[in-house]
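Take a look at the structure below.
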Amino acid sequence: MEKTFGNYPAPIAIIKCIQTGINSGHTLGSAEESRSFGELSQTPESAALIGLFNAITNCKKAAERFGEARDVNCIGVLGAGLMGAGIVEVSAPKYRKILLKDVNDAAVERGMK
């Protein structure tokens, strides 16, 4: 519970399955495991963990398909409003060159300050 901060129901269910197996025998312990697995597979936590697994797997496949990532030396930001200016501000220490584009020249000037 300490490592999961109470966010995952599976560790508690696993302990219950083991206790059932020890106290009532292998057959009932296995039945408890099967029942718990069915319930846990339908939880929001299960869906989130499956989504995380799929995202990580897809990222690995993208590297195989498109090649290794390249170093980025220049970024472009469209829109010098509040969000665009904020992106430029947090990106400035990392990138040597930042292109800021907006339909309004005054907004670009404000975004560069």
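The values are calculated or read from the model by the stated rules, or taken from the named source; none is laboratory data. All figures in this text were calculated on a predicted structure; none of them were measured in a lab. We place every Cβ from the backbone using ideal geometry, glycine too, and count neighbours over all the protein chains shown. Accessible surface is based on the protein model in full, side chains and every heavy atom, while ligands, DNA and RNA are left aside. Shrake-Rupley method; radii C 1.70, N 1.55, O 1.52, S 1.80 Å.
Some points to look at:
- Cα-based helix-to-principal-axis angle, 26-40 vs the chain, degrees rounded to 10: 30 degrees
- Solvent-accessible area per residue for the stretch 1-86 (1.4 angstrom probe, square angstrom): 81 Å²
- Under a 5 Å amide H cut-off, with hydrogens placed 1.01 Å from N, T43 pairs with nothing among residues at least 5 apart or on other chains.
- Burial order of peptide ranges 74-86, 51-63 (average beta-carbon count within 10 Å, highest first): 74-86, 51-63
- Helix axis angle, 82-91 relative to the chain longest principal axis, alpha carbon, degrees: 80 degrees
- Straight-line reach from K60: taking Cα to Cα under 12 Å and skipping same-chain neighbours fewer than 8 places apart, the aspartates and glutamates in range are E68.
- Accessible area of the stretch 18-100 belonging to carbon and sulfur atoms, whole % at 1.4 Å probe: 60 percent
- Calculated P(r) tail over 25 Å for the chain, as whole % of Cα pairs: 60 percent
- Electrostatic dipole magnitude of the stretch 1-71 [Cβ: Lys, Arg +1; Asp, Glu -1; Cα centre; debye, to 20]: 140 debye
- Here K97 is the anchor, and the aspartates and glutamates within straight C-alpha reach of less than 18 Å, apart from those fewer than 8 places off in the same chain, are D71, E89, E109.
- Charge dipole of the chain about the Cα centre (unit charges at C-beta), most positive-ward option of L28, A63, L78: L78
- Dipole orientation for the chain: of the candidates N7, F37, N54, N54 has the Cα lying most toward the positive pole (charges on Cβ; Lys, Arg +1; Asp, Glu -1).
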